[in-house]
Amino acid sequence: MQANATRVHIDLPGGTVTAEFHPDTGRLRILQDDMLRVELFPPHSWFTVASVAGNSRWGTRPREADLYLVLESFVMQRFGMSALNKDVPCAHWTPGPRGYDLRDDRRVR
């Protein structure tokens, strides 16, 4: 018997980012527009929740509020603070020319 996953989502201008936690396996998944971006199993899934929801008493089963903090942290790390403002479109990563660093467009040696 599988328990239902706890799910939270954040709607961004470029799509939806979802976090789901499966209590029967302890698996934490983060999806962007139904495409898997991160999948963690215990104990790493628990460490991830504890790192952002440290003051919560979630044990090994995080609540929706705890997962929302995980998802918010993921969005800020991946897209930046402006992605949560919704008035600024978020950037999408596209592969650049081989041998270039996409952050500052200088040739990587």
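With the simple spin-label model, which puts each label point 7 Å out from Cα in the Cβ direction, the ARG63 to THR16 separation comes to 2.4 nm. Computed on the Cα atoms alone, the convex hull of region 6-85 gives a volume of 83 cubic angstrom per residue.
Readers should treat all values here as calculations from the given coordinates under stated rules, not as data from a laboratory. Owing to the predicted nature of the structure, the values given are computational and were not obtained by experimental measurement. Note that each Cβ is placed from the backbone with ideal geometry, even for glycine, and that neighbours are counted across all protein chains shown.
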